[in-house]
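A short write-up of the structure that comes next.
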Amino acid sequence: MQPQFIIIHQQVAPYVAHIQLNRPKELNALNLELMGELRDALKVLDADDNVRVIIISGNEKAFAAGADIKQMAGKTAMDMYNIDQFSTWDTIKKTKKPLIAAVSGFALGGGCELVMLCDMIIASETARFGQPEIKIGVMPGAGGTQRLTRAVGKALAMEMVLTGRFITADEAAQAGLINRVVPVELYLEEAIRLASTIASLSPLAVKMAKESVLKAFDSSLEEGLHFERKNFYLLFSSEDQKEGMQAFVDKRTPVFKGK
Ligand code: CAA
């Protein structure tokens, strides 16, 4: 079935797919249906050998203005428990290929949390990041208090979560939340450029490297180092390792096959 709330661009560059959130009138508010479509699309692209990196964007005005407030407004705690909306997010988190968020305009609440669930973030100078849930009587529920704090530190995270203040793209870059800021007309192009660089490398090494970096968030240093070492050794069973090292010796460009 054709998705209703997202647009999937299969090959915006070799081995690069792009998913565009597409509820423009609602500033891409993340209703359950959109999140379900995003989860399903990511599952398919993650299993597709012709895709090595996935970009997620909104439009120029909004990446996403958060979870759909109108859909949640009348719910009880038991409704929320039974709907279990965040299980969708748990599946998205399992995506093995790198996810790049290309952000323009609002990235608020669940929008900011979705951005932070991605592995790298390219922002247009118009991007605004925030966790304004406190202004509607709740708090972040899709990782905001945890990922934001790890990314920008306690003081700024506390201020953003407790006041709902939006930060600019420049402030986000300075705080280490995002990779870089570019003019608005270039944000997608820059995300594709970054994705293409990664897509030209060994997809096996890329996946294991992503997995290893993420391990740093929920393990002790010792455990993380052990995990890294195992993945490093494991890559020596790949053809890509032989190709990459031989190409270096031969002074030629390697051709990685993901084997
Ligand atoms: N949910 C549902 N609808 C939303 C929405 C949201 N999160 N954000 C915007 N919309 C809708 C508006 O209701 C409006 O719809 P109508 O035209 O039918 O009235 C339309 O999108 C355009 O929005 P505005 O008219 O408000 O646009 P604006 O430019 O004046 O303001 C804004 C933009 C500052 C982003 C403002 O829309 C806003 O504050 N949005 C809500 C942000 C927010 O609180 N996000 C957190 C949601 S809770 C959450 O995300 C929980 C979690 O952790 C998962």
Listed by chain and number, the residues whose amide H is under 5 Å from that of V182, excluding neighbours fewer than 5 places away on the same chain and using placed H, are A123, S124, E125
Stretchable slack from T197 to Q2, in nm (0.36 nm times residue separation minus alpha-carbon distance):
67.2 nm
When only C-alpha pairs under 8 Å and at least 6 residues apart count, what is the relative contact order of the stretch 20-135, in percent?
30 percent
List the relative contact order of the stretch 51-113 as a percent without decimals, with contacts defined as Cα pairs under 8 Å and 6+ residues apart.
68 percent
What's the center-to-center distance, using Cα atoms, between the stretch 53-111 and the stretch 189-255 in Å?
28 Å
What order do you get for F129, F227 when you list them from fewest to most C-beta neighbours inside 10 Å?
F227, F129
Neighbourhood net charge (15 Å Cβ-Cβ; Lys/Arg +1, Asp/Glu -1) for K61
-1
What do the square roots of 5 times the Cα gyration tensor eigenvalues come to for the stretch 9-110, in whole Å, largest first, as semi-axes of the equivalent ellipsoid?
25, 17, 9
Dipole axis of the stretch 17-65 (+1 Lys, Arg; -1 Asp, Glu on Cβ), positive-most option in N59, Q20, L45:
N59
Below 8 Å between Cα atoms, with a sequence gap of 6+, how large is the relative contact order for the chain in percent?
16 percent
Dimensionless Rg ratio for the stretch 173-227, taking C-alpha atoms and the 2.2 N^0.38 Å reference:
1.47
Across all Cα atoms of the chain, Rg and the largest Cα-Cα distance (Dmax), in Å, are 18.9, 65
Counting other beta carbons within 10 Å of each Cβ, put M160, M80 in order, fewest first.
M80, M160
Quick one, could you list the DSSP H helices from the chain stretching 30 Å or more along their long axis (Cα atoms) with average Kyte-Doolittle hydropathy of 0.0 or above?
none
Most exposed first, judged by fewest Cβ atoms within 10 angstrom, E113, E37 run E37, E113
At 0.36 nm per residue, minus the direct Cα-Cα distance, what do V12 and K259 gain on full extension? Give it in nm, one decimal, please.
86.6 nm
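FYI, it's all coordinate maths here, none of it is from the lab. Since the model is a prediction, treat every value here as computed from it, not as a measurement. When we count neighbours, we look across all protein chains shown, and the Cβ atoms used for this are built from the backbone with ideal geometry, even at glycine.
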